[in-house]
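K.L.:
What follows is a single structure, and I will ask about it in a moment.
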Amino acid sequence: MRSPIAFTLGLALSVSTGALAAVEMPGSSYLQGLSWLGHASFRWEKEGTVIYMDPFQIDAAPHDGKIILISHSHFDHLDPESVMKVAADGAVVVAPADCIPKLREAGVQAEVKEIAPGQTLEVRGVRIEGVPAYNLDKDFHLKESGWVGFVVTVGRVRLYHAGDTDFIPEMEGLEPEVALLPVSGAYVMTASQAAAAAQAIRAKVTVPMHYGAIVGSEADARRLREEAGDRIIEILEKTVLPGEEDGS
Ligand SMILES: [Zn+2]
């Protein structure tokens, strides 16, 4: 933690040299508005837009999500009950093709836009890129399934939610401000593999996910931090949405 005195001094020096704009934001400042809801589930409130990613096991019904991103059709990422609880009026759901009938069958009425790896959509002024997500040495997530991670751009912040994936070549040089990476092993990459992925992705700040619910523990999150070298790793506390009991 920087002391207030050092911060003020740094700021004063920056202003006096006219270099304020060039001052690098510390990595964690990019996480403003980002909440981890457990497993691979996040809420991101940025510039007046609320975006949910893989909402799962949501008890509350905030109905404030304007954009809902679903990485693939496994039950711990595609949870129609949670989608209906977080969706605001006029929400747009973005999901790979095979998710769409599952959402409809479960009664999700919201508009759904299909996305595939390599495809870019503009939804409510937010740029959403589908990034490949697949396994290399196991077959839970096949490249042919067309499942995705997302690079989401709001204002000047690019946030990468990797989905369920191993460390794949397409991650090289993504250079987002924020990267959310799975660490549990089993169905996705291990924490050590995520550390190598973090080095290749070169986000300003990297956040571990996909632990603490189905598979993986906080020890995996800490291992990512220990092994990620010069990368900034922030382990988020699980956020409980207003109106929700923390039963875990
Ligand atoms: Zn999966």
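K.L.:
Out of Leu159, Leu241, which single residue is of a type in the set (A, V, I, L, M, F, W, C) and crowded, with 19+ Cβ neighbours inside 10 Å? Working first, answer last.
P.N.:
Details: Leu241 fails: crowded, with 19+ Cβ neighbours inside 10 Å.
Only one candidate passes the filter, namely Leu159.
K.L.:
Further question on the same structure: Give Ala87, Ala60 a once-over and let me know the one that is small (Gly, Ala, Ser) and modelled with pLDDT under 95.
P.N.:
Residue meeting the stated conditions: Ala60.
K.L.:
Further question on the same structure: Looking only at residues that are touching a helix residue (DSSP H, G or I) at 6+ places or on another chain (Cβ under 9 Å), modelled with pLDDT under 95 and within 16 Å of the ligand (Cβ to nearest atom) in the stretch 161-187, which one is farthest from Tyr134 (Cα to Cα)?
P.N.:
Ser184
K.L.:
To continue, here is another question. From the list Val188, Val183, exactly one residue is of a type in the set (A, V, I, L, M, F, W, C), within 14 Å of the chain's Cα centre (by Cα) and surrounded by 20 or more Cβ atoms within 10 Å (Cβ to Cβ). Which is it?
P.N.:
Val183 is the lone residue from the list that is of a type in the set (A, V, I, L, M, F, W, C), within 14 Å of the chain's Cα centre (by Cα) and surrounded by 20 or more Cβ atoms within 10 Å (Cβ to Cβ).
K.L.:
Right, here's the next one. Of the numbered conditions (1) under 18 Å from Leu181 (Cβ atoms); (2) more than 14 Å from the chain's Cα centre (by Cα); (3) in a strand (DSSP E or B); (4) acidic (Asp, Glu), Asp89 fails exactly one; give the number of that condition.
P.N.:
Among (1) under 18 Å from Leu181 (Cβ atoms); (2) more than 14 Å from the chain's Cα centre (by Cα); (3) in a strand (DSSP E or B); (4) acidic (Asp, Glu), Asp89 violates only (1).
K.L.:
Going through the stretch 59-76 one residue at a time, which ones are near the ligand (Cβ under 9 Å from one of its atoms) and buried (at least 24 other Cβ atoms within 10 Å of the Cβ)?
P.N.:
The first filter runs over the stretch 59-76 and keeps only residues near the ligand (Cβ under 9 Å from one of its atoms), leaving 71-76.
If the condition is that a residue be near the ligand (Cβ under 9 Å from one of its atoms) and buried (at least 24 other Cβ atoms within 10 Å of the Cβ), then Ser71, His72 are the ones that fit.
K.L.:
Here's a follow-up. Of (1) under 26 Å from Asp139 (Cβ atoms); (2) surrounded by fewer than 24 Cβ atoms within 10 Å (Cβ to Cβ), His210 satisfies all except one. Which?
P.N.:
Unmet condition: (2).
Yes or no, residue by residue, for (1) at pLDDT 95 or above; (2) out of contact with any helix residue (DSSP H, G or I) (no Cβ under 7 Å at 6 or more places or on another chain); (3) within 26 Å of Glu218 (Cα to Cα); (4) of a type in the set (Val, Ile, Thr):
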site: Phe56; (1), (2), (3), (4): yes, no, yes, no
site: Ile67; (1), (2), (3), (4): yes, yes, no, yes
site: Ser73; (1), (2), (3), (4): yes, no, yes, no
site: His77; (1), (2), (3), (4): yes, yes, yes, no
site: Glu114; (1), (2), (3), (4): yes, no, no, no
site: Val126; (1), (2), (3), (4): yes, yes, no, yes
site: Glu129; (1), (2), (3), (4): yes, yes, no, no
site: Tyr134; (1), (2), (3), (4): yes, no, yes, no
site: Phe140; (1), (2), (3), (4): yes, yes, yes, no
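K.L.:
When you scan the stretch 118-125, do you find a residue that is under 28 Å from Gly185 (Cα atoms) and basic (Lys, Arg), even just one?
P.N.:
no
K.L.:
If you take the residues in the stretch 120-160 that are over 13 Å from the mean Cα position of the chain (by Cα) and among the aromatic types (Phe, Trp, Tyr), which one is farthest from the ligand (Cβ to nearest atom)?
P.N.:
Here the answer is Tyr134.
The values are calculated or read from the model by the stated rules, or taken from the named source; none is laboratory data. Owing to the predicted nature of the structure, the values given are computational and were not obtained by experimental measurement. Glycine also receives a Cβ, built like all others from the backbone with ideal geometry; neighbour counts cover every protein chain displayed.
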